[in-house]
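Input: a single structure, listed below in structure tokens.
The values are calculated or read from the model by the stated rules, or taken from the named source; none is laboratory data. All values reported here derive from a predicted model rather than from experimental measurement. We place every Cβ from the backbone using ideal geometry, glycine too, and count neighbours over all the protein chains shown.
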Ligand code: HEC
Ligand code: HEC
């Protein structure tokens, strides 16, 4: 059943992430972190894709390559958990047992999507639920390390609004018990 779903999802992701499809281990993906709280106002995905469309333009990314909307939503899942891990216990597999919020003010000084996404209003994307496709990405270490490295770099970059909300520099081991790259 899971396998069947994965194949389907893999198929639907092929357009967007063929570079990731070979490097996946489904066996270890079944237990995931706690699910995010469901947003009562969450709209159907089609809706959100429409809401995003004007902001991101004609479905192309910065390099002019076509954007796969499903891949974007899958990344939104990880982004939402990453941002949540700045103020609540991280949902990664081996969280830092001594995790404390790296924010100066974890209640009213939270990092928001708009700190880094200045063109598209990513905060309008509904809270994403996990899916077999997302579990596959989660198990793809190369994919996750690449994403997380970009996010941590931008978090610590003075060019974006998140840095001034931090107590100090954020590193992989702010949230992970050990550096996942090692
Ligand atoms: C600390 C900076 C930062 C914050 C905060 C942030 N993002 Fe991102 N986000 C990035 C970067 C950098 C990328 C590009 C990563 C990539 O796709 O390679 C990205 C990519 C994405 C993508 C994929 C876009 C695409 O074109 O494929 C989505 C969707 C997204 N973010 C949603 C969100 C949402 C929703 C929030 C708020 C919950 C958020 N982001 C907060 C830095 C951030
Ligand atoms: C702000 C907290 C935070 C920081 C900092 C962070 N991560 Fe993560 N990481 C997460 C969360 C949350 C997830 C799990 C997303 C989910 O719920 O599926 C994750 C998942 C991962 C995974 C998938 C396996 C797992 O443990 O769940 C890898 C690999 C990973 N991160 C690598 C890195 C690397 C490399 C860095 C440093 C460049 C980094 N992370 C920094 C929060 C963080």
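Numbers for the structure displayed
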| item | result |
| --- | --- |
| Test: residue in segment 123-132 that is at pLDDT 95 or above and within 17 Å of residue 87 (Cα to Cα) | yes |
| Residue 98, sole failed condition from (1) surrounded by 13 or more Cβ atoms within 10 Å (Cβ to Cβ); (2) more than 14 Å from ligand 1 (Cβ to nearest atom); (3) under 26 Å from residue 164 (Cβ atoms) | (1) |
| Output for segment 150-174, where each listed residue is more than 13 Å from ligand 1 (Cβ to nearest atom) and in contact with a helix residue (DSSP H, G or I) (Cβ under 8 Å, 6 or more places away or on another chain) | 171, 172 |
| Test for residue 105: is it within 12 Å of ligand 1 (Cβ to nearest atom) and touching a residue at least 60 places away in the same chain (Cβ under 8 Å) | no |
| Helices (runs of 4 or more DSSP H) wholly inside segment 119-182 containing at least 1 residues that are surrounded by fewer than 17 Cβ atoms within 10 Å (Cβ to Cβ) and touching a residue at least 24 places away in the same chain (Cβ under 8 Å) | 141-155, 172-175 |
| Segment 63-90, subset in a loop (DSSP other than H, G, I, E, B) and crowded, with 19+ Cβ neighbours inside 10 Å, residue farthest from ligand 1 (Cβ to nearest atom) | 90 |
| Residues located in segment 97-118, provided they are in contact with a helix residue (DSSP H, G or I) (Cβ under 8 Å, 6 or more places away or on another chain), under 23 Å from residue 159 (Cα atoms) and assigned to a loop (DSSP other than H, G, I, E, B) | 102, 104, 105, 109, 110, 111, 112 |
| Those residues of segment 138-152 which are farther than 17 Å from residue 83 by Cβ, within 12 Å of the chain's Cα centre (by Cα) and more than 6 Å from ligand 2 (Cβ to nearest atom), in sequence order | 143, 146 |
